[in-house]
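Report on the following structure.
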Amino acid sequence: MSLNFAMRKTNFSMLGDSTVPALSRSNLDRVPENTPTELLDFSNGSSQLKNIEIIQRITNGPVTIGRYLLPPNPGVFLGATQYAVMVMEGSPVEIEWLPPGSQDYERKRIEHGNVDILPSDTLLYQRWETSSRTMFIAIDKIFVKQIVEQAFAGNAVELKPYIGLRDPIIEGMAQAWRGELEVRGTGGRIQAEALATALVVHVFRTYGEGGATPKTLTGGMSGTRLRRVTDYIESNLTEEISLGSLASLAGFSIHHFNDVFKAETGYSPHRYIIERRIHRAKELLLTNDSPIAQIAVDLGFSGQSHFTEHFRKSTGTTPLRFRRARKQ
């Protein structure tokens with residue numbers, strides 16, 4: 001059977017369609033017959049991957065981050081079901097690939113900090129001869145569609161694949177993602193969505209095609225809207241809270257909500273929720289004898305150590321010392 005796979009730009013009208021259009025005939029003539037194909041699902045921990053080895057993976061809502069190893073590969077059509085941004089972390093590697101619509105391969109030495117951008121459901125023919133290690137940020141295409149439509153006022157913005165970019169802004173953002181990996185994603189869904197939102201807007205603003213620019217934010221959040229958000233947070237401290245749900249309550253796009261909320265409260269949404277959970281934890285530590293580990297889990301922390309870290313940062317002491325000092 002002949003190959004019939006896509007090398008295409010992102011078209012948001014097609015996001016609900018998993019069909020991958022065909023490579024041009026000129027492209028196919030440059031690809032060896034029987035070239036293997038793999039469309040990765042970074043969020044699926046049970047999937048059997050043939051061309052990469054995932055060594056770390058954390059999923060929070062629509063965002064999956066992690067690291068993978070790329071063993072040497074003589075040629076493969078490789079893509080992902082999510083939008084993926086990859087940041088090179090290992091030793092330099094020479095990669096050869098076939099750009100969209102081109103009859104000629106391109107070759108580049110990918111070094112530490114270089115960035116690849118791959119739109120969802122886009123297969124890119126690549127080959128390389130040495131192993132490499134890469135950090136990835138994979139973002140669900142429905143979440144990306146929502147962010148882009150809100151941030152760019154519904155204007156069509158197309159994105160094509162890029163390999164080996166030097167992007168200081170993404171390299172800076174990568175430090176925050178590495179921090180999430182180090183703490184095993186304990187920042188939770190709202191932190192992952194906030195970081196992903198900033199990344200998506202930057203990628204589409206910088207590399208998207210269509211000439212659209214993000215909408216300019218005007219005005220702040222009324223007291224009524226702010227109370228609606230804070231009341232919701234207070235009522236759901238034991239639940240997973242998404243950035244989208246808070247933005248919707250406030251009547252803002254996800255892209256703008258972070259900035260507006262911080263301007264009004266002095267905290268990012270993620271930090272505000274942490275502080276309110278610490279406040280609730282103080283009440284529980286003083287009014288009942290539940291184990292600290294149970295209080296931590298009940299309030300949405302990943303475990304006692306995660307809870308203790310944030311509690312100490314907020315109060316200057318540990319939950320156990322806080323409880324003992326107040327009960328003497």
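Only the coordinates and a few stated rules stand behind these numbers; no lab work does. Bear in mind that the values here come from a model prediction, so they are computed numbers and not experimental data. Heads up, the Cβs are rebuilt from the backbone with ideal geometry, glycines too, and the neighbour counts pull from every protein chain shown.
For the reader, a short list of remarks on this structure follows.
- Between R227 and T315, the modelled labels are 3.0 nm apart [label points 7 Å from Cα along Cα→Cβ].
- Volume per residue of the convex hull around the Cα atoms, evaluated for segment 97-153, comes out as 130 Å³.
- Remark: spin-label model distance E275-E209 equals 4.6 nm, labels positioned 7 Å along the Cα→Cβ axis.
- With contributions of -39500 (n - 2.57) from each DSSP H run of at least four residues, the per-residue ellipticity at 222 nm computed over the chain stands at -12500 deg cm²/dmol.
- Taking a point 7 Å from the Cα of I55 along the Cα-to-Cβ direction, the residues of segment 116-132 with backbone N closer than 20 Å to it are 116, 128-132.
- Here's the list of aspartates and glutamates a cross-link from K108 could span, going by alpha-carbon distance under 17 Å and ignoring same-chain residues fewer than 8 apart: E89, E94, E96, D116, E129, D167.
- Cα centroids of segment 217-275 and segment 151-176: 25 Å apart.
- Computed E for K108/N155 - FRET, C-beta separation, R0 35 angstrom, nearest 0.05: 0.65
- At full extension, N236 and V183 could sit 16.8 nm farther apart than now, given 0.36 nm per residue minus the alpha carbon distance.
- Near-label residues of segment 85-112 by backbone N, under 13 Å of a point 7 Å along Cα→Cβ of S131: 90-91
- Based on the reciprocal of the average 1/r between different C-alpha atoms, the Kirkwood radius for the chain equals 21.7 Å.
- Computed P(r) (all Cα pairs; segment 223-327; 5 Å bins; percent): 2, 12, 23, 21, 15, 13, 9, 4, 1, 0
- Rounded to the nearest 20 debye, the dipole magnitude of the chain is 1260 debye, with +1 charges on Lys and Arg beta carbons, -1 on Asp and Glu beta carbons, and the Cα centre as origin.
- Restricting segment 129-183 to trypsin sites (Lys or Arg not before Pro) that sit in a DSSP loop and have at most 13 other Cβ atoms within 10 Å of their own Cβ leaves R166.
- For segment 12-207, fraction of C-alpha pairs farther apart than 22 Å, in %: 46
- In terms of distances greater than 29 angstrom between alpha carbons, the cross-link table entries K145/K313; K262/K327; K262/K313; K141/K282 yield K145/K313; K262/K327; K141/K282.
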